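Read through the structure below, which is laid out as structure tokens, and then see the notes.
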Amino acid sequence: MNERTILKLQLPTDPLWVKNVVESNIQEILTDHAFCEQKAASNAITLIVQNPQLSDLVQEMAALVQEEMDHFKRVHDIILERGFVLGRERKDDYVNELRKFMVTGGSRSVQLIDRLLLSAMIEARSCERFKVMSEHINDQQLSEFYHELMISEATHYSTFIRLAKKYADGIDVDKRWKEFLDYEAQVIQNYGKSETIHG
């Protein structure tokens, strides 16, 4: 998978992040990853609560919640297998910065599209990070695990983009997505140095 083409991300993660940060902080990375999955499930639940009248969205988000919590449990299983304990939830500065780009106010449609595109953006970067980890980590179990999850994240990204276009209601989704990509390219320049999935 060429993430630059498929995901349209403008700035790739330096593989040295895996060697210099991830491999020496496996327990930290796994804890952060577990909470990323939990937050993704929570986001899908929020989309259901805010848009109960959109039956297709509700169905897709219900399935996503199950998948994200399955991923959470699988990460937690690996944590336990390795003799670790799930640590405290980490603040996700990357996601918090992306949230600043979301429209405040405006119609429900505008807010929905921005939330779907924010979700797509997070899934796209997670997918790209998982790909880099799967290709460069010196750990067979985690290499295979992150390759599998990379494919899953790419599917989630596509789901959010598709739903945004379905419920666009006159909004130019492609234009707004390009704006998100440009903003993310600025944000991500400050990351790739810490022991978190988006760090």
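Helix-only estimate, please: 222 nm mean residue ellipticity of the chain, summing -39500 (n - 2.57) across DSSP H runs of length 4 or more and dividing by its residues, to the nearest 500.
-23000 deg cm²/dmol
Using r as the Cβ-Cβ distance of Ser24 and Ala185, and R0 as 22 Å, what FRET efficiency do you calculate, to the nearest 0.05?
According to the calculation, E is roughly 0.20.
Distances over 17 Å make up what percent of all Cα-Cα pairs in the stretch 77-118?
Pairs farther apart than 17 Å: 55 percent.
Let me spell out the model: positive unit charges on the Cβ of Lys and Arg, negative unit charges on the Cβ of Asp and Glu, origin at the Cα centre of the chain. What dipole size does that give, in debye rounded to 20?
For this selection, approximately 560 debye.
Pairs of alpha-carbon atoms within less than 8 angstrom and 6+ residues apart define the contacts here; what relative contact order does the stretch 1-159 have, in percent?
Over the stretch 1-159, the number comes to 25 percent.
Computed FRET efficiency, Cβ-Cβ of Glu135 and Asn96, R0 25 Å: what is it to the nearest 0.05?
0.35
Counting each pair of different Cα atoms once, what's the Kirkwood radius of the stretch 32-96 in Å, rounded to one decimal?
Computed over the stretch 32-96, the radius equals 12.8 Å.
I need the calculated FRET efficiency for the pair Gln53 and Glu144, taking r as the beta carbon distance and R₀ as 35 Å, to the nearest 0.05.
Step by step, r from the Cβ atoms, then E = 0.30.
Want the number for Ser107 to Lys178: 0.36 nm per residue separation, take away the alpha-carbon distance, what's left?
Separation in residues times 0.36 nm, less the Cα-Cα distance, equals 23.5 nm.
Send over the Kirkwood Rh of the stretch 17-188, from the inverse of the averaged 1/r over different Cα pairs, rounded to one decimal Å.
16.9
Here, each number is a calculation from the coordinates, and none is a lab measurement. The model shown is predicted, which means the values in this text are computed figures rather than measured ones. Ideal geometry is used to build each Cβ from the backbone, glycine not excepted, and the neighbour counts take in all protein chains shown.
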